[in-house]
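Chemist: This is the structure I want to talk about, given as structure tokens.
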Amino acid sequence: MSDRIVALATELRTRLISAHPPLEKRLRPGLAPEQSRELAASYDVTLTDEAVAYFSVLNGFDNPHAQPQSELHIVGMRWLDSLEEALKHYQRFWEFDETDADMYPEFWETDPTPTPPLRFIGEDSVYFYALDLRGEGRPVWSMDRELGMSVSFLSLEAMLATLNAWLAAGVLIFRDGEWSETSREQARKIATDLSPGVDHW
């Protein structure tokens, strides 16, 4: 599984740079597995092998707040987080329920757990994609202020495969200073084929 994640993440990095060459200078270098695990441990987090594999290739951008930001808004108008950014967000996850129980419901409604998900693609505290840290091959969740937490992809592998397929098919392109879809219908078909049963799309 980890080898597959590395291969897909490497393909995605290559495709993103090919589609928009300036990203090569903005994408951070990946972290060695021991670096990821040591950093996570400093936040009392244990990463799955999948997460370690992902961050070994894709570790966010140099400074997502620097201009131009639009070139970084790759996934659903969000950018790739560094592991450190993700871990800082992780520490604050449950604060959402304390501020507004209706707006930030616990997403483990049928499977309570003290383990929050790890945001790895995000923009701020309430719009992001998150990895389930309870095991390998588990769903990727999306958080939306109005909709709450919902499954967006069946797994990290499915998400990476979807992004690569969008780029390969010319569905996701960089033009006029930002990323956009050339065909929402084609994007939906690719996403649902790779994550059957997920109605987010």
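The values are calculated or read from the model by the stated rules, or taken from the named source; none is laboratory data. This one's a predicted model, so the numbers in the text were calculated from it and none came from an experiment. Counting neighbours? That spans all protein chains shown, and the Cβs are built from the backbone with ideal geometry, glycine included. Please note that ligands, DNA and RNA were not included when accessible areas were found on the heavy atoms of the full protein model with its side chains. Shrake-Rupley method; radii C 1.70, N 1.55, O 1.52, S 1.80 Å.
Chemist: Could you list, in sequence order, all residues of the range 160-201 that are open to solvent by less than 20 Å² (accessible area, probe 1.4 Å) and more than 23 Å from Ala86 (Cα to Cα)?
Modeler: Hits for the range 160-201 are Trp166, Val171, Leu172, Ala187, Ala191, Ser195, Val198.
Chemist: Considering only residues that are open to solvent by less than 30 Å² (accessible area, probe 1.4 Å), in contact with a strand residue (DSSP E or B) (Cβ under 9 Å, 6 or more places away or on another chain) and among the hydroxyl-bearing types (Ser, Thr, Tyr), which ones fall in the range 33-86?
Modeler: Those that are open to solvent by less than 30 Å² (accessible area, probe 1.4 Å), in contact with a strand residue (DSSP E or B) (Cβ under 9 Å, 6 or more places away or on another chain) and among the hydroxyl-bearing types (Ser, Thr, Tyr): Thr48, Tyr54, Ser82.
Chemist: With Ser42, Ser2 as the choices, which residue is under 17 Å from Leu133 (Cβ atoms), at pLDDT 95 or above and polar (S, T, N, Q)?
Modeler: Ser42
Chemist: Inspect the range 137-159 for any residue being aromatic (Phe, Trp, Tyr), open to solvent by 10 Å² or more (accessible area, probe 1.4 Å) and either closer than 15 Å to Gly76 by Cα or under 14 Å from the mean Cα position of the chain (by Cα) (or both) and give the result as yes or no.
Modeler: The answer is yes; a qualifying residue exists.
Chemist: Residues Asp176, Asp132: which one is among the acidic types (Asp, Glu) and closer than 16 Å to Met77 by Cα? Please lay out each step first, then the result.
Modeler: Working: Asp132 fails: closer than 16 Å to Met77 by Cα.
Going through Asp176, Asp132 in turn, just one is among the acidic types (Asp, Glu) and closer than 16 Å to Met77 by Cα: Asp176.
Chemist: Sort out which residues of the range 8-35 are under 16 Å from the mean Cα position of the chain (by Cα), assigned to a helix (DSSP H, G or I) and farther than 26 Å from Asp176 by Cβ, and write them in order of number.
Modeler: Leu8, Ala9, Thr10
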